[in-house]
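For reference, the structure is listed below as structure tokens.
Since every read-out is calculated from the coordinates, none of them should be taken as a lab result. Keep in mind that this is a model prediction, so the values were computed, not measured. Note that each Cβ is placed from the backbone with ideal geometry, even for glycine, and that neighbours are counted across all protein chains shown.
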Amino acid sequence: SFLVWPKKSARTSPPPMPRVARVAALLLLYCAPAAAGRPAVPLLSRLRADRQQQQQQPPLPPRRPGPLRRPAPPQRSPAYPVPLPAINGTAGAVAAVLIALSSNWVVYERLSWLVTALGRWSVGAVRTLFVRTLHFPPTVTLVTMRGLIATDDEMRTGLSYAMLAPEAAPAEVRGESLVNLGRFEKALDRAFSMPGARAVALLIDSPGGSPAQSSLLHRKLLALRRRHPRVKLLAFVEDSAASGGYYIACAADEIVADANSIVGSIGVISRGFGFVKSLKKKGVERRVHAAGDSKSGLDPYLPMRSADLARQRRLLKELHANFIGAVQAGRKGRLKRDEAALLCYNSTEPRLFASPGRRTLARMAQRGDGLFDGSVYSGAVAQALGLVDGVGEMSTELQRRYGRAVRVVRVEPEAPVDYRRLLRWFL
């Protein structure tokens with residue numbers, strides 16, 4: 001075997017080997033002859049003598065001063081071999097590999113990176129092939145919807161939170177914890193279109209919010225279910241799926257909640273303040289000019305008129321009717337109206353009356369008391385009333401349905417880009 005050094009000039013000494021490679025080569029040279037039954041010391045002494053002979057080359061003669069010339073471009077001269085004692089067997093192969101690595105480590109670094117990238121790609125391709133052909137391991141995509149249901153614009157008061165449950169409302173709402181169609185549309189498409197996906201797990205933790213965004217997400221999920229009939233949609237409730245959060249959950253095939261989750265609040269609410277008397281005390285007069293009787297309704301600085309109140313109630317009833325229709329279509333007869341009406345009667349009526357009559361109970365069940373009156377329940381009671389299909393936890397439920405080898409792939413929504421925050425880096 002030969003050690004090849006790159007040659008820069010005719011009489012320049014070869015560059016020194018790296019310390020690690022030098023020590024490894026010496027150890028191999030020392031151990032290989034001993035393993036073959038030959039003495040090792042003469043081999044090392046001969047190598048040392050060859051090395052000293054190379055270093056004792058005569059120095060270059062001093063260069064005579066002459067006219068300045070333009071230096072010639074560097075030319076790569078052919079390398080000359082430095083003979084080393086031959087080592088046979090495994091030790092020789094390891095020594096050759098170490099010497100080659102010490103000489104051309106950049107090439108081998110790039111080669112190792114290429115081999116690693118090809119290995120990762122091949123593992124991913126084999127996994128995808130197994131999932132598509134053998135459907136193993138079973139794949140479930142996970143989409144998490146956590147936060148208030150609203151758009152990314154400034155949060156508006158009034159009907160923007162018309163489907164927000166006060167019992168589950170967060171103390172602070174941040175821009176990162178918003179749920180809307182713009183953020184989750186592409187994530188839902190990727191979740192349903194993933195190769196080999198058996199189900200889509202929808203992890204919901206929302207107190208509600210905008211009725212329009214809740215309806216848009218509900219319709220989007222129904223459209224994806226029709227487009228991918230083999231993929232099952234499962235909704236899992238963490239802390240709460242109230243009002244608009246439950247609106248979205250009704251698009252799933254099954255709803256699973258924790259025993260202590262807050263579920264329900266099927267209703268619509270509109271809240272605000274009136275500053276008429278406060279402005280009157282300050283001596284401020286509100287002046288509004290509008291074309292149309294309903295244009296200036298619900299102004300907090302003007303007195304409430306009976307006509308404006310009637311229009312507001314009509315609008316809330318329309319939104320409530322749409323909400324009820326979505327729940328009834330999603331649950332498909334699984335709601336237990338009689339049990340909900342009886343629970344509502346026992347919770348609201350005084351103890352004087354032991355039990356309601358049949359007509360009273362039928363009238364309450366027809367109105368939807370206990371279900372469509374904005375009542376909220378725990379997960380255990382919601383299962384008894386048909387609002388959810390089971391009580392459990394997401395990981396345990398998925399392993400029970402698809403086995404312990406189930407693979408959960410998380411699909412993250414696209415967060416909006418804050419350009420004002422990016423400009424701070426340049427200003």
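Amide H neighbours of residue 199 under 5 Å, at least 5 residues apart or on other chains, H built in the peptide plane: list them.
Result for residue 199 returns 141, 232.
Along the Cα→Cβ direction, 7 angstrom out, place labels at residue 114 and residue 317. What is the inter-label distance in nm?
Those two pseudo-labels are separated by 7.6 nm.
For segment 290-297, what does the Karplus curve 6.51 cos²θ - 1.76 cosθ + 1.60, with θ = phi - 60°, yield as ³J(HN,Hα) per residue in whole Hz, taken in order and with x for Gly and Pro?
For segment 290-297, the Karplus-derived couplings read 9, 9, x, 5, 8, 6, 9, x Hz, x marking Gly and Pro.
Say each of residue 305 and residue 288 gets a label point 7 Å from the Cα, pointing the same way as Cα to Cβ; how far apart are those two points in nm?
0.9 nm
If you build the convex hull over the alpha carbons only and average its shadow over all orientations, what do you get for segment 206-281? Give it in nm² to one decimal.
Numbers: hull surface 27.2 nm².
Seen from a random direction, the Cα hull of segment 206-281 projects 6.8 nm² on average.
Loop-only check: which trypsin sites (Lys or Arg not before Pro) in segment 377-413 are DSSP coil with at most 15 other Cβ within 10 angstrom?
Numbers: sites: 400, 401, 404, 407, 410; in loops: 404.
In loop regions of segment 377-413 (DSSP not H, G, I, E or B), the sparsely surrounded trypsin sites (Lys or Arg not before Pro) are 404.
Beyond 28 Å between alpha-carbons counts as too far, so tell me which of 220/332; 295/317; 281/317; 220/295; 232/317 fall in that bin.
281/317; 220/295; 232/317
Set Lys and Arg Cβ to +1 and Asp and Glu Cβ to -1, take the dipole of segment 216-338 about its Cα centre, and tell me which of 266, 234, 319 lies farthest positive.
The residue sitting most towards the positive pole is 319.
Can you pull out the chymotrypsin sites (Phe, Trp or Tyr not before Pro) in segment 322-381 whose DSSP state is coil and whose Cβ has at most 14 other Cβ atoms within 10 Å?
353
So which trypsin sites (Lys or Arg not before Pro) in segment 249-343 end up in coil per DSSP with only 11 or fewer other C-beta atoms within 10 Å?
Working: sites: 271, 277, 280, 281, 282, 286, 287, 295, 305, 311, 313, 314, 317, 331, 332, 334, 336, 337; in loops: 271, 286, 287, 295, 305, 332, 334, 336.
Answer by residue number: 271, 287, 295, 332.
Under a 5 Å amide H to amide H cut-off, with H placed in plane at 1.01 Å, what residues pair with residue 376 once short-range neighbours are removed?
Distant-sequence amide H within range of residue 376: 265.
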